[in-house]
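Notes for the one structure printed next.
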Amino acid sequence: VVPEVEALLVNTSRNLRHHWIVPVDECFRLVALVRREWRGLSGGGRVWPAVEEFFAGLAERP
């Protein structure tokens with residue numbers, strides 16, 4: 001991991017254990033997605049499908 005350029009991103013939602021080394025920008029993109037979709041105390045019905053779609057996109061990358 002290159003300091004200030006890359007990050008270790010770990011998906012532990014729904015009992016998953018996936019991880020990637022990604023550009024820091026991807027982490028900020030995930031934070032923005034959660035902030036945009038989160039509703040109420042538990043996140044509502046839109047946030048978790050959006051997060052799953054985000055991580056599915058990472059899994060499809062080479």
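Pick out, from ALA7, ILE21, GLY43, the residue whose Cα sits farthest towards the positive end of the charge dipole of the chain, with +1 on the Cβ of Lys and Arg and -1 on the Cβ of Asp and Glu. So the residue furthest toward the plus end is GLY43. Using a probe of 1.4 angstrom and keeping all protein chains present, the accessible surface of the chain works out to 76 square angstrom per residue. Here the relative contact order of the chain, from alpha carbon pairs under 8 Å that lie six or more residues apart, stands at 23 percent. Estimated from helical segments only, the mean residue ellipticity of the chain at 222 nm is -16500 deg cm²/dmol, where each DSSP H run of four or more residues counts as -39500 (n - 2.57). Altogether, the Stokes-Einstein calculation at 10 °C and 1.306 mPa s, with the Kirkwood radius of the chain over Cα pairs as Rh, returns a diffusion coefficient of 128 µm²/s. What does the net charge come to around GLY45 if you take all other residues with beta carbon closer than 11 Å to its beta carbon, with K and R at +1 and D and E at -1? Neighbourhood net charge equals +1. Label sites at SER42 and LEU58, each approximated as a point 7 angstrom past Cα along Cα to Cβ, lie 2.4 nm apart. Length gain on complete extension for the stretch ARG17 to VAL2, per 0.36 nm per residue less the alpha carbon to alpha carbon distance? Contour length minus Cα-Cα distance gives 3.2 nm.
For the chain, a crude dipole built from +1 on the beta carbon of Lys and Arg and -1 on the beta carbon of Asp and Glu, taken about the Cα centre, is about 320 debye to the nearest 20. Solvent exposure of TRP48, expressed as accessible area, is near 80 Å², computed with a probe of 1.4 Å over the protein chains only. The fraction of accessible area contributed by carbon and sulfur in the chain is 58 percent, rounded to a whole number (1.4 Å probe; ligands and nucleic acids excluded).
The values are calculated or read from the model by the stated rules, or taken from the named source; none is laboratory data. Every value quoted in this text rests on a predicted model; they were computed, and no experiment measured them. Counting neighbours? That spans all protein chains shown, and the Cβs are built from the backbone with ideal geometry, glycine included. Quick note on the areas: whole protein, heavy atoms, side chains included, nothing else; ligands and nucleic acids left out. Shrake-Rupley method; radii C 1.70, N 1.55, O 1.52, S 1.80 Å.
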